[in-house]
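Structure, as structure tokens:
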Amino acid sequence: MTATPLIELRDVNTYYGQIHILQDVNLHVDPGEFVALLGGNACGKSTTLKTCLGLVTPRTGSVFINGEDVTHLRTAERIRRGVAVVPENRRLFGPMTVLENLQLGAFTRSDVSESDYEYVFDLFPRVAERRQQLAGTLSGGEQQMVAVARALMAKPSLLLMDEPSMGLAPKLVEQSFEMIDRLHNGGVSMLVVEQNANMALSFADRGYVLQTGRVVLDGPADELAEDEELRKAYLGR
């Protein structure tokens, strides 16, 4: 029996005004998967995540979470159904402490306990060390850890990540993906938007490639990494 996808987009078309952004997009993430969403600038990657979150509503097509049609549900309702996001550029609340940022990550929950904080502190000891520090004073790598920890405070079944390597030094990019891989191996399912196709495909299970709002390639990550068209366009080979 095939598992119900954690999230699924079916024949999604989205517009900004008269501009057709996503065109007949179909994708899904199954339980336990790390799926990479690849493509160049302005190809529709971030719009896809916004559509998953309910920040953008498709003009046609549907969005499903755990088999439920959520196309017209608000973002907070989708988060309550198990979706959390690590936004582009982390988007921490800089004047607030790390601990206060974590507390905001659990705003949809009424059952937060000390064990939830212990869970993210065990994953990210540096976050525990910095818990009383203002988030805006942290390094880029530390802010990335806090952003992921904040998302995990919602106890998501699916984690959406938008360009986790953006703005990070090359060494920190590698560390960031090792962190993502550790989460994945720990049972966290995720859809990761990323321009660094080489890095993303080396860790992902499957991938989709967007070009001008359309899915032009999809399949197992190792097969995509060897695809001639993808290698020329995105992998620099």
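Bear in mind that the values in this text are calculations on the coordinates, not laboratory data. Values in this document were obtained by computation on a predicted structure and should not be read as measured data. Every residue, glycine as well, gets a Cβ built from its backbone with ideal geometry; the counts of neighbours run over all protein chains shown.
From least to most packed, judged by other beta carbons within 10 angstrom and beginning with the fewest, 28, 20 follow the order 20, 28.
Can you list the DSSP H helices in the chain whose Cα atoms extend at least 30 Å along the helix axis and whose mean Kyte-Doolittle hydropathy is 1.0 or higher?
On the way: long enough: none.
Correct list, ordered by number: empty.
Distance from the alpha carbon centroid of the range 99-163 to that of the range 21-39 works out to 25 angstrom.
What translational diffusion coefficient, in µm²/s and rounded to a whole number, does the Stokes-Einstein relation yield for the range 93-155 at 37 °C and a viscosity of 0.692 mPa s, taking the hydrodynamic radius as the Kirkwood radius over Cα pairs? Walk me through the numbers on the way to the answer.
On the way: Rh = 11.3 Å.
My calculation gives 291 µm²/s for D.
Mean 1/r over all different Cα pairs, inverted: what Kirkwood radius does the chain give, in Å?
Values: mean 1/r = 0.0552 Å⁻¹.
Every distinct Cα pair counted, the radius reaches 18.1 Å.
P(r) tail for the range 155-208: Cα pairs beyond 12 Å make up 64% of the total. Sparse packing (at most 15 other Cβ atoms within 10 Å of the Cβ) combined with a DSSP loop state is found for none of the GluC sites (Glu not before Pro) in the range 1-93. Per-peptide packing, taken as the mean over residues of other Cβ atoms within 10 Å, places 185-194, 121-130 in the sequence 185-194, 121-130 from highest down.
Above 20 Å, the calculated P(r) of the range 28-111 contains 45 percent of its Cα-Cα pairs.
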